[in-house]
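Comments concern the structure below.
Here, each number is a calculation from the coordinates, and none is a lab measurement. Because the structure is predicted, anything quoted here is derived from the model rather than measured. A quick note on method: Cβ atoms are made from the backbone with ideal geometry, for glycine too, and the neighbour counts reach across all protein chains shown.
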Amino acid sequence: MKVRKNKLVSLAALGLVGGLALTACGGGAEEGNGGSAGSDNGGAEAGGYAELTGNLAGSGASSMQNAQTAWTESFMGLVGAEGGDLQVTYDPTGSGTGREQFLSGQVKFAGTDAALDEEELAASTEQCNGEQAFNLPVYISPIAVVFNLEGVEALNLSPEVIGGIFAETITNWNDPAIAELNPDATLPDLPIVPVHRSDDSGTTENFTEYLSENAPDAWPHGPIETWPIDGGQSGDGTSGLISAVEGGNGTIGYADASQAGNLGTAAIQVGEEFVPFSSAAAAKSVDVSPREEGRAENDIVVSLDRTTTEEGVYPIVLISYLALCGSYADSAEGEAVKAYASYIISEDGQAVGEQNAGSAPISDELRTEAQAAIDGITVG
């Protein structure tokens, strides 16, 4: 079993309407040189978007696939409008693979639902021109508990019941523990089929960290990135898990809420209330949480308060991070990374993510801190 030792920080087809992303980006192309690195449009630090050329590859968390598709499309549109020729790609390989590819130099940035830990940061200097990599929070989203149960569209679930279901100690849908929380639902006498991620997954780590902090007796396996229970149904990546849940009756899983589709979803017990997922409830979870201690100033990691009982907070949240190098030996690559990262965290970039993936925009305070970290990247 692979267990990441650092405390976690956490957070489908896209259907882009023609011109939506560019419209959301406002006047970036009209302002001539794309703005400065600190502008709302997330322009290149020097020379504008017209100077950006080549290819920029990233990979990682499948949870932010919809957002990354929107970001790359809209950003390349801005670059092309100014005469640049930069191709940006993002492969949703999963958080674990994305970090591995980033640390081996196969990609120049990674998306990850689990921030680079101390060991990974130390190893990053080999690929980062002698400087350490760092994490930036760019995507805040609820993790939905999704299910496919004929005749039932919504459920109330407590952390103890969720833990019992995924630990396979609660095995039937009409179990009294579920029925007590859902007196108005007609629960069938049907086996529960829990579905987990088959790959190393930051979503799994966020989900199991929530369970381990709120229901340690029901979920005794702790926060893990690799599923600890042999057998059972599984899916590769977010899309694979969703497909597995969609493919059966009585199935239940966990996935980034942006890809829940038509599946039933659970409201989660927080204190005395049951809270359905929403971007606002996920953002509130981040607002009540502190920064993780012991990290460098540019390494921005949030220590999510999973046990809060504050009203209106949805507690099963992931924050997906952008893993970037502190230095890039190739000037063109470095400037491209800085421009793309600046665009993602900008107000316009965050609005594109919200419109196309349902994510919660980062706060102005986080944006200011993240931009300072990006500006600190050295190139050449």
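Details
- The stretch 276-294-the stretch 343-380 distance, computed between alpha-carbon centres (Å): 16 Å
- Correct choice for Rg and Dmax of the Cα atoms in Å that was computed from the model, options (i) 22.0, 81; (ii) 20.6, 65; (iii) 23.3, 77: (ii)
- Each peptide in 209-218, 90-99 receives the mean, over its residues, of other Cβ atoms within 10 Å, and ordering these scores from highest gives 90-99, 209-218.
- Computed from the C-beta positions of THR53 and GLU118, the FRET efficiency with R₀ = 35 Å rounds to 0.45.
- Unit charges on C-beta of K, R, D, E only; dipole of the chain, Debye: 400 debye
- Here the peptides 167-174, 69-76 are ranked by packing, the mean other Cβ count within 10 Å, and the order with the highest first is 69-76, 167-174.
- Toward the positive end of the charge dipole of the stretch 113-164, with +1 on the Cβ of Lys and Arg and -1 on the Cβ of Asp and Glu, the farthest Cα among VAL138, GLY151, ALA123 is that of GLY151.
- Assigned charges on the beta-carbon of Lys, Arg, Asp, Glu; the stretch 223-364 dipole about Cα centre (debye): 240 debye
- Of the peptides 197-208, 104-115, 146-157, the order by per-residue mean of other Cβ atoms within 10 Å, starting with the highest, comes out as 197-208, 104-115, 146-157.
- For TYR90, the amide hydrogen comes within under 5 Å of the amide hydrogens of GLY58, counting only partners 5 or more places away or on other chains and with H modelled in the peptide plane.
- Considering only the chain, percent of DSSP beta bridges that pair antiparallel, nearest 5: 55 percent
- Between GLY264 and PHE147, LEU149, the built amide H atoms are under 5 Å apart, and every one of these is 5 or more places off in sequence or on another chain.
- Dipole magnitude of the stretch 143-278 about its Cα centre (Cβ charges: Lys, Arg +1; Asp, Glu -1), debye to nearest 20: 200 debye
- For the stretch 48-62, 3J(HN,Hα) computed residue by residue from phi via the Karplus equation (6.51, -1.76, 1.60; θ = phi - 60°) reads x, 5, 4, 8, 7, 9, x, 10, 10, 10, x, 7, x, 3, 6 Hz, glycine and proline entered as x.
- Long-range amide H partners of LEU52 with built H, under 5 Å: ASP85
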